[in-house]
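Written below as structure tokens is the structure these notes are about.
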Amino acid sequence: MMSEQNSWIIAWCNSISFLSEIPGWAHALLALISTYCLVIVPSGALMVYLDRKISADLQARVGPNRAGPAGILQPLADLLKLLQKEATKESSWRQNVWLSVHTMALYSTLAVMPLGSMALLVDTEMSAFIPFWSALVLALGTMLLGLSQDSVPGWFGGIRVAAQTLAGSFPALIALLCVGVRAGNFRWSILANCQDFSPWSWTFLSNPFQFIAFIVFVMSGLVLLAIPPLDGGVSMSDIHGGVSSHLFGRRLSLFRFGRFFGFFFWSIIAVVLFLGAWKLPLQVSEGLRAQEAFRFLATIELIWLLAKTFFLMLFITWVARVNPRSRVDQITDFAWKVLSPFSLAALVGASICAGWKAFL
Amino acid sequence: MRISVFSNIASYIRSVFRGAWSIAESCTTAFPYILRWGELRKEITEGYPDPVSSKTADDLPPRSRGLLFNDIDRCTGCKECEKICPAQCIRVEEEPGANNSKIWVSVYDVDFSRCIFCGLCVEVCQPASLVHTRQYEGAAYHLTDLIASFGRGQITAEQRASWAALRQMSESDEVTL
């Protein structure tokens, strides 16, 4: 069983070829580290840069332009600056708990992220639910961070984060059920294989209820992980970061990276569930599979998946930049009173559609 | 009047769609900025310092207040500027000069790390020796580099003695005349 699950890694590592003699767990570790360093961190840098540049365009500003050509090295400069800062205050045990939980959520979620048909480490019948675990752990960590401050904003920030997470997770789960109803399973491979390259075969266009489910899924993810424009609990400009207001240096960079990572993996999952996953056109993947060019196939699939993910993230950024931020009580109100009923309606409709197809 | 369940649901759905519509409308406000239509073609923020913006010292408004400059030949050392400075950034020391009509301004320091460029010192300056230049790039790496010295420098004890003698002489001349 273990070796079967590791097969994609072994295929990957065999194509590197000088590492064929090492045990399976080392293969897995290497694959995770390389995914982290080659996919997640560069994506974070790229998205931070694009976010800053595009929001500068929307506000008739110039944006970062000093570090490198057109400011392309700005994320690196930011990181180096944050790493240089030294801690001045003793950290409490609560903050250490936050730190460990946050780090755990950041690194362990990689194993369950669907990054292509060749990169599915955990492909079980409930793997689509695992990201919720990660989102909840991230939110738990953020709440602990808020409670670790001995201040009113910190406590309120922690409670706000908890309220937002609870409000967002219900519609998100129901929307996920809608996809499961269509695909008949919660395996990443089956969820992806019920779609194809053409947008008309993607889940979110398969019927109106799936479209509603897609909108609900994305928006409830924004509520769940407190991503702009629905980041009333932790917004930077209005309440000075809320729970993160006392963080700086390395901890702040870790916190910011966690926020990006939540947004990123939620977008990836939305793309896999609703927007055609990593499906390539014209039987490219079958051809490459027949020629055993697994590494090339995995890379192409990853690039295509990431392109769609970035597109979705930039769309959300666009909406966030032109709309005013909502208060946290308005956000939870919205999640319970609008997203939840719509997700339930979508579930009922999607079930009827699935049943209709089964009888036809 | 009893409101039916259906009209409740209808108004709920209507308000949801109105919200979605308003979000879509506000999204369209971004197009002129992204596509650079009309007035929004150029960025309003100007690059500084690199590339240096289109504004040079000559483009500044006529009464803009840049770094201070004191023409020490015209300065009388009256210390009016030092007295009126709200930031207390001007330090003046003077001594009697070689003749009675001249004052030797030995120290005239302006600490630009404290200066707020209010222009009060320029207003009170009777001989109009203190002026604002149009120079505005005063950044430095050390605080001490921000102190501008316009004074003539300290005089030695011998100079002081000889000048005192000179003054004495001219005074006695006046008396004899």
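The numbers here are math on the coordinates, done by the rules we state, and not lab data. Please read these numbers as outputs of a predicted model, since none were measured by experiment. Glycine also receives a Cβ, built like all others from the backbone with ideal geometry; neighbour counts cover every protein chain displayed.
Worth a mention:
- Test for A:A139: is it away from every other protein chain (no Cβ under 14 Å) and within 22 Å of A:V39 (Cβ to Cβ): no
- Test for A:I227: is it touching a residue at least 40 places away in the same chain (Cβ under 8 Å), of a type in the set (V, I, T) and in a loop (DSSP other than H, G, I, E, B): yes
- Residue count, the range A:54-107 (criterion: away from chain B (no Cβ under 14 Å) and either in a loop (DSSP other than H, G, I, E, B) or basic (K, R) (or both)): 12
- Filter pass, A:L120 being in contact with a Phe, Trp or Tyr (Cβ under 8 Å, 6 or more places away or on another chain), touching a residue at least 24 places away in the same chain (Cβ under 8 Å) and in a loop (DSSP other than H, G, I, E, B): yes
- Note on the range B:118-130: residues that are outside any helix (DSSP H, G or I) and either surrounded by 15 or more Cβ atoms within 10 Å (Cβ to Cβ) or in contact with a Lys or Arg (Cβ under 6 Å, 6 or more places away or on another chain) (or both) total 5.
- Candidates A:G154, A:G146, filtered to the one that is in contact with a Ser or Thr (Cβ under 9 Å, 6 or more places away or on another chain) and surrounded by fewer than 21 Cβ atoms within 10 Å (Cβ to Cβ): A:G154
- Selection from the range A:329-360 of residues that are away from chain B (no Cβ under 14 Å) and β-branched (V, I, T): A:T332, A:V348, A:I352
- Count of the range A:300-328 residues which are touching a residue at least 12 places away in the same chain (Cβ under 8 Å) and more than 14 Å from every other protein chain (Cβ to nearest Cβ): 13
- Every residue from the range B:99-112 that is surrounded by 15 or more Cβ atoms within 10 Å (Cβ to Cβ) and either hydroxyl-bearing (S, T, Y) or touching a helix residue (DSSP H, G or I) at 6+ places or on another chain (Cβ under 6 Å) (or both): B:S106, B:Y108, B:F112
- Whichever residue in the range A:287-299 is closer than 19 Å to A:L115 by Cβ and assigned to a helix (DSSP H, G or I) and, among such residues, is nearest to the other protein chains (Cβ to nearest Cβ): A:T299
- Any hit, the range B:139-155, residues being loosely packed, with under 15 Cβ neighbours inside 10 Å, of a type in the set (D, E, K, R), in a loop (DSSP other than H, G, I, E, B) and touching a residue at least 60 places away in the same chain (Cβ under 8 Å): no
- Residues that are on the phi < 0 side of the Ramachandran plot and part of a loop (DSSP other than H, G, I, E, B) are absent from the range B:160-170 altogether.
- Pairing each residue of the range B:11-28 that is on the phi > 0 side of the Ramachandran plot and within 10 Å of another protein chain (Cβ to nearest Cβ) with any residue that is surrounded by 12 or more Cβ atoms within 10 Å (Cβ to Cβ) and in a helix (DSSP H, G or I), provided the two are 6+ apart or on different chains, yields no C-beta distance under 8 Å.
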